[in-house]
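J.: I'd like to ask some things about the structure below.
Every read-out reported here was derived from the displayed coordinates using simple, explicitly stated rules and does not represent laboratory data. Note that this is a predicted model, so its numbers are computed, not measured. Positions of Cβ are generated from backbone atoms using ideal geometry, with glycine treated the same way; all protein chains shown enter the neighbour counts.
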Ligand code: DGY
């Protein structure tokens, strides 16, 4: 059973492999996505370590001069996706988008390094990647935290990876739709429109793209010029964890200056993250920087914050929060609280379960010693696969598979979870 599932997951990875990078899934997402690639490299490493490193090398080959690592690399023309390179117009030889995505690379590279079989290969690849990842982290704190608060803002919902989360509703209300060039969505031709963001949200997404494009994708201007500036605890936790993992890795490789700077970033971030704790919800919440207010939205972003080291009493409260959610939904962990009015069980990030987020929450809970929660998350994740295959995401109430199918990072996480289970058996 375990063996058969691992083989099926490996087939998904092979199917979506384009040689030096993977696509998340055919049709719906035909290019290289930033955090998809990094997390998928974890799965690839079980097939071929060199190929796993290449996945991340390919992504960083398209890093911008200012340090930003874009959210999509348009390696080959393909009109099955909107908005394509012709809309972003970032002026790169190999076109990319002009925004970024959750910085999981530091965490993923450390994990690849720690468990490698081929030590020489890992040292060589990590040695090249460490300064590149550090440059990305520096870019974050320079361009997305210009006042030095210790936490970074996302300027577009697509940067969070949680495109249509309830967390962004209030901030998106400030984003107009007037002047948006007419467009035809492609996502709704590949996936059920009822499972995707709404048309109005797409228009707001496109307004932001046009606005940033009009500013020449100049990252010294975008932060202050954006009406959408949200500090997401999950996104920041990923950045803090990646800084701290990079610090350890850099130390091991003799890059002491990078190690020290990374430790400083992580320490400042961890201290500032405390300010996003909501005693009422028993989890972290977002901060809307444009208006200076916490966002009253109990989404998975505030649970994902446990991916980094948080105070023990907060880790305990988050474990209790997941136990509470387990009374409201069949499968852990829903991307929004089922009892909240905005919960929508099948609509992308407004309710569905995502295995990559489960993986990161489980990892954080494991480090915090919350083993029962980890077992629950892992077994729910694997049950979803048995019921619905390697989907993009799943309904938390009935396990319905949603979005794209034969999904790369879902398959990668299945391999990770099953390998962990085999090791524990
Ligand atoms: C999409 O197009 O749905 C993506 O989430 C943007 O990255």
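J.: Given the Cα-Cα distance of residue 4 and residue 291 and 0.36 nm per residue of separation, how much length would full extension add, in nm?
T.: Numbers: separation 287, 0.36 × 287 = 103.32 nm, distance 5.14 nm.
Difference between extended and current length: 98.2 nm.
J.: While we're on this one: Contour minus end-to-end for residue 383 and residue 127, with contour as 0.36 nm per residue of separation and end-to-end as the Cα-Cα distance? Can you show the working numbers first?
T.: Details: separation 256, 0.36 × 256 = 92.16 nm, distance 3.84 nm.
Working it through step by step, the gained length comes to 88.3 nm.
J.: Further question on the same structure: Return the Cα extents of region 2-424 along principal axes one, two and three, sorted largest first, each rounded to a whole Å.
T.: 56, 48, 43
J.: Relative contact order, percent, of the chain when contacts are C-alpha pairs under 8 Å separated by at least 6 residues?
T.: Computed value for the chain: 17 percent relative contact order.
J.: Hey, another quick one. Quick one: if you stick a label point 7 Å off each Cα along the C-beta vector at residue 398 and residue 248, how many nm between them?
T.: The answer from the label model is 4.3 nm.
J.: Quick one: length gained pulling residue 18 to residue 51 fully straight, 0.36 nm per residue minus the C-alpha distance?
T.: 10.8 nm
J.: Give me the percent relative contact order of region 56-212, please, defined on Cα pairs under 8 angstrom at least 6 residues apart.
T.: 23 percent
J.: Could you line up 243, 286 from fewest to most neighbouring Cβ atoms inside 10 Å?
T.: Result, fewest neighbours first: 243, 286.
J.: Continuing with the same structure: Can you put 424, 346, 355, 316 in order, fewest other beta carbons within 10 Å first?
T.: Result, fewest neighbours first: 424, 316, 346, 355.
J.: Okay, moving on. Hey, fewest Cβ within 10 Å first, where do 342, 49, 386 land in order? Mind dumping the intermediate values first?
T.: Details: 342 16, 49 19, 386 10.
Exposure proxy ranking, most exposed first: 386, 342, 49.
J.: Let's test the formula: R0 of 41 Å, r as the Cβ-Cβ distance of residue 89 and residue 117. What FRET efficiency results, to the nearest 0.05?
T.: 0.45
J.: Where does the chain land at 222 nm, in deg cm²/dmol rounded to the nearest 500, when only DSSP H runs of n ≥ 4 count, each adding -39500 (n - 2.57), divided by all residues? Please report the intermediate quantities before stating the final value.
T.: Working: 18 runs with 215 residues, N = 425.
Computed ellipticity for the chain at 222 nm equals -15500 deg cm²/dmol.
J.: Roughly speaking, what is the centre-to-centre gap between region 47-67 and region 140-166 when only Cα atoms are used, to the nearest Å?
T.: Distance between centres, Cα-based: 22 Å.
J.: Here's a follow-up. What nm value, rounded to one decimal, do you get for the distance between residue 224 and residue 79 when each label is placed 7 Å out toward the C-beta?
T.: Label-label distance for residue 224 and residue 79, simple model: 4.1 nm.
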